[in-house]
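One structure below.
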Amino acid sequence: MKVLRKVFDFYIDGSIHVALSCFALVQITQHYFSISNDLPMVYFSFFGTIVGYNFVKYEVLARVKKVQMKNKLKAIAILSFLSLLAVGFWFFQLQRITQIVSVGVFILTLLYTLPLFPNRKNARNWAGVKIYIVSLCWVGVTVVLPVLNAEIAITSDFFIKCIQRFILIFVLILIFEIIDLAKDDSHLQTVPQQIGVKRTKQLGFLLLAIFFGLNFFSFINNAIFEYSSFMIAIVTTLFLAFANEKRSKYYTSFWAESIPILWWLTLVLL
């Protein structure tokens, strides 16, 4: 059991699970816009998420705290390096416009992680900004890049899907912020810190209603997509409703982050 627990923790801490969530959202975008299986885009997003998330999570340990690398961190570093090589390979298989926009998303990630000026905080520590930057990055990788790479015309449906994806990621982050409320520094000004847990949940419920309601403004009629998005809105609502500071880290790092995977599997099964 200890070995299985270590493997599972490595799967979570190495950002493989969140990368699968990103992979799932890219597949959902391709399904909605009838994009044939674009392997370069799928693999680029998967390995890029591993590199990006591990950089965000562990860069400060190496740069600031000078933490000595133990076996687990060494394994994660090796995974990240191999993923970086894969990102480089698949990057050159993408369309030129996709490459340019992906560099923009990468710069946004750097802005989130590294201080651009001496004695200045990074964007992750700017009051109230974190949730918007992360949501925008996810929209960029899981909606904008797949559509650009497939050279699909930009229509109102594209913007609707961008808004829906932003809302979903925003609400998922709200769940993280509620659970981390006791641990987060007060200067971060997360949504629960600013308006309280109860109002944060009410905001999330309202956003999820908008998330589903936007389906009725789409010109592409897809009953299966509408049904699955309704189901995911309900599941996310339940996760948000039962979120509290006493939940374990797996409530968010595994279960909540499984919601995009569940959405994709639902589409596949239907």
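The values are calculated or read from the model by the stated rules, or taken from the named source; none is laboratory data. What you see is a predicted model, and the numbers here were worked out from it, not measured in a lab. Here the Cβ positions follow ideal geometry from the backbone for every residue, glycine too, while neighbour counts run over all protein chains shown. Note: accessible area is taken over every heavy atom of the protein model, side chains too, but ligands, DNA and RNA are not part of it. Shrake-Rupley method; radii C 1.70, N 1.55, O 1.52, S 1.80 Å.
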Note to self: At 1.4 Å probe size, what's the solvent-accessible area of H31? Round to the nearest 10 Å².
What the structure shows: 80 Å²
Checklist line | Extended-chain gain in nm, criterion 0.36 nm per residue less alpha-carbon gap, D9 and K249 | finding: 85.3 nm
Checklist line | Share of carbon and sulfur in the accessible heavy-atom surface of segment 124-214 [1.4 Å probe, %] | finding: 65 percent
Notebook entry, point to check: Given DSSP loops and a limit of at most 16 other Cβ atoms within 10 Å, what is the longest stretch of the chain that contains no such GluC sites (Glu not before Pro)?
Noted result: 1-150
Checklist line | the chain - accessible surface per residue (Å², probe 1.4 Å) | finding: 53 Å²
Item checked: segment 139-270: projected area of the alpha-carbon convex hull, averaged over directions, in nm² -> 8.7 nm²
Notebook entry, point to check: segment 216-270: which trypsin sites (Lys or Arg not before Pro) are DSSP loop and have at most 14 other beta-carbon atoms within 10 angstrom?
Noted result: K246, K249
Check: Given 37 °C and 0.692 mPa s, how large is the Stokes-Einstein diffusion coefficient of the chain in µm²/s, with Rh as the Kirkwood radius over Cα pairs?
Finding: 169 µm²/s
Notebook entry, point to check: Give me the log10 of I(q) over I(0) for segment 1-47 at q = 0.13, 0.16, 0.31 Å⁻¹, as the Debye formula computes it from C-alpha points; what are the numbers?
Noted result: -0.39, -0.52, -1.04
Next item on the list: Just subtract the alpha-carbon distance of S34 and F242 from 0.36 nm times their residue separation and send over the number in nm, one decimal.
Entry: 71.3 nm
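Given a cut-off of under 8 Å on Cα pairs at least six residues apart, what relative contact order in percent is computed for segment 139-258?
34 percent
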Item checked: Restricting segment 207-253 to chymotrypsin sites (Phe, Trp or Tyr not before Pro) in coil, as DSSP defines it, with at most 16 other Cβ within 10 Å -> F219, F242
Item checked: FRET efficiency, 1/(1 + (r/R0)^6) with R0 35 Å, evaluated for Q99 and I210 via beta carbons -> 0.60
Next item on the list: Go through W138, W255 and list them by solvent-accessible area, largest first, probe radius 1.4 Å.
Entry: W255, W138
Next item on the list: Once you've got the Cα coordinates, tell me which of K74/K198; K130/K201; K6/K198; K57/K246; K2/K161; K72/K161 are over 30 Å apart.
Entry: K74/K198; K6/K198; K2/K161; K72/K161
Margin query: I'd like the accessible area for S218: 1.4 Å probe, protein heavy atoms, all chains in place, Å² to the nearest 10.
Written below: 20 Å²
